[in-house]
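Here the structure comes first, spelled out in structure tokens, and everything after it is commentary.
The values are calculated or read from the model by the stated rules, or taken from the named source; none is laboratory data. Only a predicted model underlies this, so the values are computations on that prediction, with no experimental measurement involved. Glycine gets a Cβ as well: all are built from the backbone with ideal geometry, and neighbour counts include every protein chain shown. Each accessible area value is taken on the protein alone, full model and side chains, heavy atoms only, with ligands, DNA and RNA left out. Shrake-Rupley method; radii C 1.70, N 1.55, O 1.52, S 1.80 Å.
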Amino acid sequence: MRSFSIAPTSTPLKGRVIVPGDKSITHRALILSALADGPSRITGYCEGEDCLNTLRAIRQLGVEIREVSEGLDVFGKGLWGLSEPANVLDCGNSGTGLRLLAGVLAGQGFFSVLTGDGSLRSRPMARIVNPLKLMGAHISGRKGGDLAPLAIQGRGLSPITYESPVASAQIKSCVLFAGLFADGTTSVAEPQKSRDHTERMFTYLGIPAQEHGLCVEVQGRQSFQGKPIDVPGDISAAAFFMVAATIVPGSEVLIPNVGLNPERTGILDVLLKMGADISLLNTRNQSGEPVGDLLIRSADLKGIAIGAEMVPKTIDEFPILCVAAAFAQGETRISGAQELRVKETDRIKAMATELKRLGVVIEETQDGLIIQGQSTLHGASCQSYGDHRVAMSLAVAGLAAKDSVCVDDVDCIETSFPSFHSKLLDLLTSSRSSL
Ligand code: S3P
């Protein structure tokens, strides 16, 4: 297992950083291009392991995907063109990959098995298995179907009207993907709006779908043509550099081409409320998604309260927000974020334990964290728990700590941001060379 050490820097971060393509959009682009009639080119896609696992699974389902210099060419086989995989489909660390593929596989005329790594095999699956069973799917798994591996005997599905108890784009998208194979209109309502990349891509590809408030419906069994999909940069990857440039004095960093879907920009809203200096430039639309460039200059932060209403649009950014809060003036309270306990690791526990190790005064609550800002962070050896976002957050903390922070088990960063470490070093190097 690799580890790396981040030394505190007295030089600011300067320059431009290109972040990987959006992970959520890449999964959806791969799956929907495979189900389209004819070829699609996907550019700007995320090359992290999570998306590569979805790509491999789609190849195992008999769809040809060619890597070309511009991106990926996916030769879609239409809604009914997938074939039975000869082996288990391994989604690695990716909850999105497994849950979205389960929706598609439930409606096929063949048998398949979905699995993943130790983390994914411990995450709750009843949240997707239950609605899929209501549609008539045959699925079984460990613990009565709550844990992967999931064995799916695909069959004809019936449409449902489903009220999800959790605001989760993975649940919503799983049911909508299954709805593509059901005979009629499938609708999903959720308690708060979660990211809507699936709905946007349906509209972009001409799949008949409609939104009514917190409810989305899709017409099943409607074929559609492949189209080019240009994936924007991932705001969840940009978040690490947004916080790094904010907390290291004198920094100025430009992150071009970042997805600005309003259901994903909680990190921007929260950091701006905390006092960050971030400008949005060159906003535009790309393959049905809003996109822009972010210019971040360092700033002093103050603690704030982040409540349940902010959680879905900020869901993946809480680990790095804990780091921002540790350097802010005053207290930050995060509440209504119990979903963090069932991510790649229990992120409430992981961030409380590891930031305490660095000297931060931080209290774990059942649904969030209370962080006392402006703690002096000392160096220490920290654990990532195999969670990419925990690993990258602790590395950013190391930039502004008093001594080096060593992060153990950083291989997990490959799941979303393989070039994270080198991009961070590049920003420091370009700053030093311009001094
Ligand atoms: C995702 C949805 C979110 C998020 C995950 C990606 C998606 O999970 O945490 O990283 O692409 O649909 P939930 O929908 O379960 O909250």
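Of the numbered criteria (1) more than 16 Å from the ligand (Cβ to nearest atom); (2) surrounded by fewer than 24 Cβ atoms within 10 Å (Cβ to Cβ); (3) in a helix (DSSP H, G or I), the one A34 fails is (2). Look at L61 and say whether it is open to solvent by less than 10 Å² (accessible area, probe 1.4 Å), free of Cβ contacts under 8 Å to residues at least 60 places away in the same chain and out of contact with any strand residue (DSSP E or B) (no Cβ under 7 Å at 6 or more places or on another chain). So L61 passes the test. For first residues located in segment 1-13 and open to solvent by less than 30 Å² (accessible area, probe 1.4 Å), partners that are among the polar types (S, T, N, Q) and lie 6+ apart or on another chain with Cβ distances below 7 Å form the pairs I6/S404; T11/S431; P12/S251; P12/S298; P12/S431; L13/S251; L13/S431. Taking the condition on the phi > 0 side of the Ramachandran plot, outside the structural domain of R389 (by TED's automatic domain parsing) and open to solvent by 10 Å² or more (accessible area, probe 1.4 Å), does G206 pass? Criteria met by G206. Among the residues of segment 153-188, those identified as in a strand (DSSP E or B) and within 15 Å of the ligand (Cβ to nearest atom) are Y162, V188.
When G259 is tested against (1) assigned by TED's automatic domain parsing to the domain that holds L301; (2) more than 12 Å from the ligand (Cβ to nearest atom); (3) not charged (D, E, K, R), only condition (2) is not met.
Looking across segment 316-335, the residues that are free of Cβ contacts under 8 Å to residues at least 40 places away in the same chain and open to solvent by 10 Å² or more (accessible area, probe 1.4 Å) come down to R333, S335. Within segment 347-405, the residues that satisfy the criterion of being β-branched (V, I, T) and part of a strand (DSSP E or B) are V361, I362, T365, I370, I371, V405. Quick check, is I42 farther than 24 Å from I255 by Cα, within 16 Å of the ligand (Cβ to nearest atom), surrounded by 18 or more Cβ atoms within 10 Å (Cβ to Cβ) and at pLDDT 95 or above? No, not satisfied. L114 satisfies every condition listed in (1) in contact with a Leu (Cβ under 7 Å, 6 or more places away or on another chain); (2) in a loop (DSSP other than H, G, I, E, B) except (2).
Would you say Q338 is open to solvent by 30 Å² or more (accessible area, probe 1.4 Å), farther than 15 Å from S236 by Cβ and either within 16 Å of the ligand (Cβ to nearest atom) or touching a Phe, Trp or Tyr at 6+ places or on another chain (Cβ under 7 Å) (or both)? When the stated conditions are applied, Q338 passes them. Collect the residues in segment 145-166 that are of a type in the set (G, A, S) and within 25 Å of L120 (Cα to Cα), keeping them in residue-number order. Passing the criteria: G145, A148, A151, G154, S164. Of all the numbered requirements in (1) outside any loop (DSSP other than H, G, I, E, B); (2) open to solvent by less than 50 Å² (accessible area, probe 1.4 Å); (3) without any contact (Cβ under 8 Å) to a residue 60 or more places away in the chain, G136 misses one, and that requirement is (1).
Give me the residue from segment 194-203 that is within 16 Å of the ligand (Cβ to nearest atom) and over 16 Å from the mean Cα position of the chain (by Cα) and, out of that set, surrounded by the most Cβ atoms within 10 Å (Cβ to Cβ). My answer is F202. Of the residues making up segment 119-133, those that are hydroxyl-bearing (S, T, Y) and open to solvent by 50 Å² or more (accessible area, probe 1.4 Å) number 1.
On inspection, L114 fails the criterion of being within 15 Å of the ligand (Cβ to nearest atom), under 25 Å from the mean Cα position of the chain (by Cα) and crowded, with 19+ Cβ neighbours inside 10 Å.
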